[in-house]
Every structure is written in structure tokens, then in C-alpha cells.
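Structure, as C-alpha cells:
The values are calculated or read from the model by the stated rules, or taken from the named source; none is laboratory data. The structure displayed is predicted, hence computed values, not measured ones. We place every Cβ from the backbone using ideal geometry, glycine too, and count neighbours over all the protein chains shown.
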Amino acid sequence: MTKNRSPRVVTAQQVAARTKGTKPDAQLASKELYTGKIFRLDRDEVRFPDGSQAEMDMIRHPGASAIVPFMNDPQGEDPQILLLRQYRYAAGGYIYEVPAGRLDGDESPASCAVRELKEETGCTADRMDPLFTMFTTPGFTDEKIHVFMATGLSHGESAREADEFADVVIMRLAEALELIRDGEIMDAKTALSILYVAGFRT
């Protein structure tokens, strides 16, 4: 039976003052249901903040890094970035994305960003600056994406995986923002990463 709860309205200061929850306190038990090439599916028994308990199916993911590569000075008059126009089966066709990929084993997010930039675009960067870390869909997965900004690019050969089909597109940052506004960039990590650099790094 679903309980009706009225949402509480609190201030940002009240939220910041709260003790952050931790997984050991909330997770009472866990059972592995499936392990695939990319993720694992667990069924967890969890305790909610009000003390109630329930079962939740959770996708466990190793995490990933994403990169916003700048072709020129981000502080210049007309910054340009690299995007991928990549085929995604789940999206039903080609979509715009920033270069990104999963962490490999114990690989650090920064090392993953360097590797993925090279593999997907053929580029290396003089600087790889961390921007922010995001949860992708915290309702059912613990996946985090660590976002970086790459500058001082040098071009080389890419090394994509067999199931990756993509074109590298050079695009003005202003044009990318228009595509977000018009709903043409539908990938969440890409839209958020571009909006972040446009708002805080250019």
C-alpha cells in the first residue's frame, strides 16, 4: 500500500546542515541477480530515512569519465568544441555526445578521461581539468560520470571499439547551446557538461 506523504519545504542551509546518509546504514542486505559486460544488477533490502524498509533493484556501474574538448581558447570570442555524432541503439539512431567511457578496473577518472579522449577522437590534451561529478539516474543506479575539460589539443589517430560508430564534429560552443535549447542534443551528460563550461569556464 502506498503511503501519502506531504513533501517538506526546507531551505538550502537546512539541507547542507544534514548528516549525509551512507550506504552501510541504508543497505541491509544485497543479492546479485545478473552480471553483464557493463553492469551488475542487485536486489537490495534498504532502510529509508523514516525507518521503513523495502526491496530495490539497483544497477551497479563502475563509473565513467566524460570530456568537453576545446579546439581553441575557452575564454576567446568564439570557442569551439569537439562533439561526437554517435550511433546509439538505445536512442534509435545517431545523437550528439561529448567523448566519454567507462572506468577500466582501478583506473582513475583522470586517466580514463585521457584514454577516452584519445580513443574516441584521436586527440591528446595539454590540460585535463576536472569540472564536476554527476549521478546519471540515481533512482536505480549508482553510476557516476566525472566530467573534465580538455584544452591544448593535438591530433592523432583514434582507436574506437568495434561497436562504436561515430563522426567527430567541430562545433562552435554557441551552436551547441542552440542545439540544447532546440532539443537536438538529447544526451543528458552532454547537455549538462556543455551548459557547465558555458556558464562557468568561458
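Just a few scattered comments:
- Selection status of GLU116, in contact with a helix residue (DSSP H, G or I) (Cβ under 9 Å, 6 or more places away or on another chain), within 29 Å of ILE59 (Cβ to Cβ) and surrounded by 17 or more Cβ atoms within 10 Å (Cβ to Cβ): no
- Residue match in region 26-45 (condition: among the basic types (Lys, Arg), loosely packed, with under 14 Cβ neighbours inside 10 Å, modelled with pLDDT under 95 and more than 19 Å from ASP142 (Cα to Cα)): no
- Qualifying residues in region 74-108 (those that are without any contact (Cβ under 8 Å) to a residue 60 or more places away in the chain and under 17 Å from VAL197 (Cβ atoms)) - the one surrounded by the most Cβ atoms within 10 Å (Cβ to Cβ): PRO99
To keep it simple, each residue is scored yes or no on (1) out of contact with any Phe, Trp or Tyr (no Cβ under 7 Å at 6 or more places or on another chain); (2) modelled with pLDDT of 95 or more; (3) within 13 Å of ALA100 (Cα to Cα).
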{"site": "CYS112", "(1), (2), (3)": "yes, yes, yes"}
{"site": "ARG115", "(1), (2), (3)": "yes, yes, yes"}
{"site": "ARG127", "(1), (2), (3)": "yes, yes, no"}
{"site": "LEU131", "(1), (2), (3)": "no, yes, no"}
{"site": "PHE135", "(1), (2), (3)": "yes, yes, no"}
{"site": "THR141", "(1), (2), (3)": "yes, yes, no"}
{"site": "ILE145", "(1), (2), (3)": "yes, yes, yes"}
{"site": "PHE148", "(1), (2), (3)": "yes, yes, yes"}
{"site": "GLY152", "(1), (2), (3)": "yes, yes, no"}
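- Sole residue being touching a residue at least 40 places away in the same chain (Cβ under 8 Å) and either among the basic types (Lys, Arg) or touching an Asp or Glu at 6+ places or on another chain (Cβ under 8 Å) (or both), chosen from GLU116, GLU164, GLU143: GLU164
- Test result for MET171, of a type in the set (A, V, I, L, M), touching a Phe, Trp or Tyr at 6+ places or on another chain (Cβ under 7 Å) and more than 13 Å from ALA100 (Cα to Cα): no
- The set of residues in region 90-100 being part of a strand (DSSP E or B) and at positive phi consists of GLY93 alone.
- Residue match in region 37-54 (condition: among the aromatic types (Phe, Trp, Tyr) and in the same structural domain as MET171 (by TED's automatic domain parsing)): no
- Within region 152-202, if we keep just the residues that are surrounded by 14 or more Cβ atoms within 10 Å (Cβ to Cβ), more than 19 Å from LYS118 (Cβ to Cβ) and of a type in the set (Gly, Ala, Ser), the residue that is nearest to the chain's Cα centre (by Cα) turns out to be ALA191.
- Residue that is out of contact with any Gly (no Cβ under 9 Å at 6 or more places or on another chain) and of a type in the set (S, T, N, Q), where the choices are SER193, SER158: SER193
- Exactly one residue out of SER52, SER65 is in contact with a strand residue (DSSP E or B) (Cβ under 8 Å, 6 or more places away or on another chain) and of a type in the set (Ser, Thr, Tyr): that is SER65.
- Selection within region 91-138 - closer than 17 Å to HIS155 by Cβ and charged (D, E, K, R): ARG115, GLU116, LYS118, GLU119, GLU120, ASP126, ARG127
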